[in-house]
Amino acid sequence: MRNHSTKSNTALHQIADPGPSGALPMLPGGTVEKTDTSPEETLHREAAEEAQLTLTDAVLVGWVLDETGEVYGGAGPNARLRLAARVTDIGPAAIDPATGRPFVRLLATPAQAAALLGWGPPGARQAQLAAETACARWGLPIAHPIEIEEVPAEGMRLS
């Protein structure tokens, strides 16, 4: 296994839902639940459940308007926050309690992830802000394009 800290410290840990329609790329996250005290706590919980990530130091990098809330059963207009956080650990793959199946976990740069997700110019700006935040806040180098790869099932050691 390569040392990912020398390759790209600002790699984005993305997941793909291997559903019947093919792999759908997405980021860990979800709805704030009654037990969550903040959007940041939701991010920590969802990242652990969906991608077995341990995060620290979450920071808001933007939001996306969902005019219909169709993903949430037509809940109506809502804003989806975009947060960046430092990944401190990637544990072994596990089954997501919400879907009953494991997600494929991918490493990509923020810019590559925004392109894969089809976020367009607003997403590209958020990805750039996330990369700049990682550089300024955590001293991580700006990521250069990498070969997108799957996180091994046993997880990864971050150094």
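Only protein heavy atoms count here; under a 1.4 Å probe, TRP63 has an accessible surface of about 150 Å². Let me make sure I get this right: for the stretch 36-120, a, b and c are the square roots of the gyration tensor eigenvalues over alpha carbons, sorted descending. Under 1.5 in a/c it's rounded, otherwise prolate if a/b > b/c, else oblate. Which is it? It is rounded, given that a/c, with a ≥ b ≥ c, falls under 1.5. Semi-axis lengths, largest first, of the ellipsoid equivalent to the stretch 119-159 are 22, 16, 9 Å, with √(5λ) applied to each eigenvalue of the Cα gyration tensor.
Contact order for the stretch 30-159, expressed relative to its length and based on alpha carbon pairs under 8 Å spaced 6+ residues apart, stands at 23 percent.
What accessible area per residue, rounded to a whole number of Å², is obtained for the stretch 101-157 using a probe radius of 1.4 Å? Display every interim value, and only then the final one.
Values: 3120 Å² over 57 residues.
Counting only protein heavy atoms, the per-residue value for the stretch 101-157 is 55 Å².
The simple spin-label model puts a point 7 Å past each Cα toward its Cβ; for ASP89 and ARG101 those points are separated by 2.8 nm.
Accessible surface ranking for ASP96, ASP66, 1.4 angstrom probe, highest first: ASP66, ASP96.
So, with a 1.4 angstrom probe, what is the percent of accessible area on the stretch 60-159 that is carbon and sulfur? Exposed carbon and sulfur together represent 58 percent of the surface.
The values are calculated or read from the model by the stated rules, or taken from the named source; none is laboratory data. These numbers were taken from a predicted model, which means no experiment stands behind them. FYI the Cβ positions are ideal-geometry reconstructions off the backbone, even for glycines, and counts take in every protein chain you see. When the accessible area is computed, the model is the full protein with side chains, heavy atoms only, and any ligands, DNA or RNA have been set aside. Shrake-Rupley method; radii C 1.70, N 1.55, O 1.52, S 1.80 Å.
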